[in-house]
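The structure appears right after this line, and notes come after that.
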Amino acid sequence: MEYSESLIMWSIAIAVFVGTLILTWDCRRRGAPLPPGPKPWPVLGNLPHLGTKPHQSLAAMARKYGPLMYLRMGSVDVVVAGSSSVASHFLKTHDVNFSSRPPNSGARYIAYNYRDLVFAPYGPRWRALRKICALHLFSPKAVDDSSSLREDELRRLAAAFAGSDQTAVDLAQALNAATTNALARVLLGKRIFGEDDLHYARVFKEMVVELMVLAGAFNVGDFVPWLHWADPQGIVRKMKALHRRFDQFFDQLIEDHADSSTTSDLLSVLIKMKRDGTAVDGVYITDIEIKALLLNLFTAGTDTSSSTTEWAMAELIRHPEILTRVQRELDSVVGRDRFVTESDIPDLHYLQAVVKETFRLHPSTPLSLPRMAAESCEIDGYRVPKNSTLLVNVWAIGRDPEVWTDPLEFRPERFLPGGEAADVDVRGNDFEVIPFGAGRRICAGVALGLRAVQFMTASLVHGFDWTLPEGQVSEKLDMEEAYGLTLQRAVPLKVKPRPRLAPHVYNNKPI
């Protein structure tokens with residue numbers, strides 16, 4: 001009797017369970033479907049489909065499955081936007097819903113457990129840090145006030161190149177040191193690399209690149225939680241080691257700055273806020289916030305600009321007729337008896353087009369920093385589940401053949417009056433080119449980043465003629481990419497500069 005009752009109860013339970021599954025499936029079938037995408041593998045899902053260059057792999061998949069794709073990475077729902085129209089739905093129409101970041105190891109182990117600006121959840125801390133940066137670094141006035149520092153660093157660089165006897169220089173390393181020094185003078189009130197600190201500058205550049213590679217990696221433990229402890233790729237171990245190196249670096253900067261008499265640089269402002277217990281929108285600044293903010297600024301604020309400028313120079317060397325046209329414009333506007341300044345940029349229309357075309361083909365962040373859906377929503381007739389991770393393939397959007405004529409060709413004229421993209425803005429207003437992102441989580445330093453790339457490119461093109469080392473020809477210049485949070489060149493650009501301005505221009509007088 002007891003056996004029969006147990007059998008009946010089990011039968012009822014199974015029937016209810018199966019019925020619930022059928023009902024749930026039927027409701028989902030009758031509701032909006034998930035976006036299309038490749039069939040996932042067991043356990044790992046679609047992670048193996050990403051390959052070593054996820055932005056390229058996802059672009060190839062989008063050609064088969066469409067500009068809105070669904071991937072299952074381990075236990076995480078992921079949606080990928082691969083066209084400007086789809087990206088605008090996420091970053092404009094549904095921007096509030098996608099304003100936070102998903103959990104990830106980079107934010108936890110490198111970025112001070114989400115207490116920085118880049119990875120902080122959308123909320124009071126993020127708003128407070130962004131407000132501080134906007135006031136002291138990224139406002140139009142702050143950008144203009146710091147222009148003389150950037151101009152001085154580029155004059156120093158030009159003087160060094162002019163005295164290099166036309167030996168090949170590592171452009172990426174040189175640009176990164178100049179960019180870091182210019183930013184350090186705003187943040188710390190002093191340079192951190194001297195002309196003789198090439199080894200130190202190279203080590204710092206390597207640290208920044210390693211951070212970008214690790215932070216951009218798809219860590220299996222983030223998508224398959226029960227594998228997190230094992231760290232099968234060794235990524236977490238490397239993150240912790242790199243964090244310790246950066247943390248020691250920032251501790252030393254703060255210690256050295258604690259008794260500084262300067263008050264105008266950002267670090268002095270932050271230290272004073274900490275000492276005085278000053279809150280910004282209810283958020284108090286501690287050493288952790290200070291170091292997390294310095295980490296953001298000394299990495300994202302330097303490597304993105306220097307890497308993009310390196311790509312611009314590579315494209316110009318590959319296209320000598322375009323390089324000549326930029327030089328003619330600079331000679332017409334600036335002449336050859338002085339160095340170009342940031343105030344000249346508004347009159348350099350073709351140079352601006354060159355920079356826009358570089359952002360289109362070589363966006364500093366090929367896959368946007370991930371966002372997370374606070375609630376489920378519907379995009380283009382497809383269901384996006386709650387807590388889904390959103391990836392915007394900025395690289396693919398800039399190369400979309402549905403939008404761009406000859407999308408793989410480097411053609412700045414498309415951004416000039418009469419061109420197909422004459423009115424396209426790269427500051428997040430037009431989704432055909434969004435190198436800085438868009439919406440609430442757009443890069444806080446978009447104005448400074450754009451200005452820096454324009455000015456560095458103008459300075460290099462105006463000040464020098466460029467040739468490749470012996471045995472290399474411009475038509476076959478290696479343009480292979482190395483994937484990371486930022487888009488690096490697989491082979492650093494090494495070039496030989498030959499001065500083209502009046503000799504006295506290179507007699508640098510540091511300010």
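The values are calculated or read from the model by the stated rules, or taken from the named source; none is laboratory data. Nothing here was measured: the structure is a model prediction, and the numbers come from that model. Here the Cβ is made from the backbone with ideal geometry for all residues, glycine too, and neighbour counts use every protein chain on show. Heavy atoms of the whole protein, side chains included, go into the accessibility calculation; ligands, DNA and RNA do not. Shrake-Rupley method; radii C 1.70, N 1.55, O 1.52, S 1.80 Å.
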Test Ala162 against the criterion of being touching a residue at least 40 places away in the same chain (Cβ under 8 Å), more than 24 Å from the chain's Cα centre (by Cα) and surrounded by 15 or more Cβ atoms within 10 Å (Cβ to Cβ), and give yes or no.
-> yes
Could you please tell me which pairs satisfy a Cβ distance under 9 Å, a separation of 6+ or placement on different chains, a first residue in segment 83-106 that is assigned to a helix (DSSP H, G or I), and a second residue that is of a type in the set (Lys, Arg) and open to solvent by 30 Å² or more (accessible area, probe 1.4 Å)?
-> Leu91/Arg440; Val96/Arg440; Phe98/Arg440
Output for segment 484-511, where each listed residue is open to solvent by less than 40 Å² (accessible area, probe 1.4 Å), under 30 Å from Leu391 (Cβ atoms) and either without any contact (Cβ under 8 Å) to a residue 60 or more places away in the chain or not hydrophobic (A, V, I, L, M, F, W, C) (or both) | Gly484, Thr486, Gln488, Arg489
Among what's in segment 340-356 and is out of contact with any Phe, Trp or Tyr (no Cβ under 6 Å at 6 or more places or on another chain) and open to solvent by less than 20 Å² (accessible area, probe 1.4 Å), pick the residue that is nearest to Ile442 (Cα to Cα).
-> Val355
List the number of the failed condition for Trp229; all other conditions in (1) free of Cβ contacts under 8 Å to residues at least 24 places away in the same chain; (2) aromatic (Phe, Trp, Tyr); (3) surrounded by 15 or more Cβ atoms within 10 Å (Cβ to Cβ); (4) more than 20 Å from Leu297 (Cβ to Cβ) hold.
-> (3)
Spot the failing condition for Glu315; the list is (1) open to solvent by 20 Å² or more (accessible area, probe 1.4 Å); (2) in a helix (DSSP H, G or I), and only one is missed.
-> (1)
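Residue-by-condition table, conditions (1) touching a His at 6+ places or on another chain (Cβ under 7 Å); (2) assigned to a loop (DSSP other than H, G, I, E, B); (3) closer than 26 Å to Phe138 by Cβ:
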{"position": "Asp165", "(1), (2), (3)": "no, yes, no"}
{"position": "Ala172", "(1), (2), (3)": "no, no, yes"}
{"position": "Asn181", "(1), (2), (3)": "no, no, yes"}
{"position": "Lys190", "(1), (2), (3)": "no, yes, yes"}
{"position": "Tyr200", "(1), (2), (3)": "no, no, no"}
{"position": "Val203", "(1), (2), (3)": "no, no, no"}
When the residues of segment 474-483 are filtered to those that are open to solvent by less than 70 Å² (accessible area, probe 1.4 Å) and not acidic (Asp, Glu), which remaining residue is farthest from the chain's Cα centre (by Cα)?
-> Ser474
Count of segment 391-440 residues which are under 15 Å from the mean Cα position of the chain (by Cα) and of a type in the set (Lys, Arg) | 1
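When you check Leu323 against the structure, is it crowded, with 20+ Cβ neighbours inside 10 Å and either among the aliphatic types (A, V, I, L, M) or out of contact with any Leu (no Cβ under 6 Å at 6 or more places or on another chain) (or both), yes or no? Spell out how you get there, then give the answer.
Working: crowded, with 20+ Cβ neighbours inside 10 Å: no; either among the aliphatic types (A, V, I, L, M) or out of contact with any Leu (no Cβ under 6 Å at 6 or more places or on another chain) (or both): yes.
Spelling it out, it is not the case that Leu323 is crowded, with 20+ Cβ neighbours inside 10 Å and either among the aliphatic types (A, V, I, L, M) or out of contact with any Leu (no Cβ under 6 Å at 6 or more places or on another chain) (or both).
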Report, by residue number, each residue of segment 50-95 that is under 22 Å from the mean Cα position of the chain (by Cα), of a type in the set (D, E, K, R) and open to solvent by 20 Å² or more (accessible area, probe 1.4 Å).
-> Lys53, Lys92
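Those residues that are surrounded by fewer than 17 Cβ atoms within 10 Å (Cβ to Cβ) and either touching a residue at least 24 places away in the same chain (Cβ under 8 Å) or farther than 30 Å from Gly51 by Cβ (or both), I need them from segment 232-248; list them, please.
Answer for segment 232-248, where residues must be surrounded by fewer than 17 Cβ atoms within 10 Å (Cβ to Cβ) and either touching a residue at least 24 places away in the same chain (Cβ under 8 Å) or farther than 30 Å from Gly51 by Cβ (or both): Lys240, Arg244, Arg245, Asp247, Gln248.
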Got a number for residues in segment 350-380 being in contact (Cβ under 8 Å) with a residue 24 or more places away in the chain, of a type outside the set (A, V, I, L, M, F, W, C) and touching a strand residue (DSSP E or B) at 6+ places or on another chain (Cβ under 9 Å)?
-> 7
Of the residues in segment 370-390, those that are open to solvent by 10 Å² or more (accessible area, probe 1.4 Å) and not in a loop (DSSP other than H, G, I, E, B) come to Arg371, Met372, Cys377, Glu378, Tyr382, Arg383, Thr389
Of the residues that sit in segment 110-124 and are over 19 Å from the mean Cα position of the chain (by Cα) and open to solvent by 30 Å² or more (accessible area, probe 1.4 Å), which one is farthest from Tyr284 (Cα to Cα)?
-> Asn113
Residue pairs within 9 Å by beta carbon, gap of at least six or interchain, first lying in segment 121-138 and without any contact (Cβ under 8 Å) to a residue 60 or more places away in the chain, second of a type in the set (Gly, Ala, Ser) and assigned to a helix (DSSP H, G or I), listed first then second, are Leu135/Ala142
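Taking Lys205 as the residue in question, decide whether it is modelled with pLDDT under 95, buried (at least 20 other Cβ atoms within 10 Å of the Cβ) and more than 25 Å from Leu44 (Cα to Cα).
Considered against the rule, which asks whether it is modelled with pLDDT under 95, buried (at least 20 other Cβ atoms within 10 Å of the Cβ) and more than 25 Å from Leu44 (Cα to Cα), Lys205 comes out as yes.
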Within segment 211-226, track down each residue that is assigned to a helix (DSSP H, G or I) and surrounded by 19 or more Cβ atoms within 10 Å (Cβ to Cβ).
-> Leu211, Met212, Leu214, Ala215, Gly216, Val220, Gly221, Asp222, Phe223
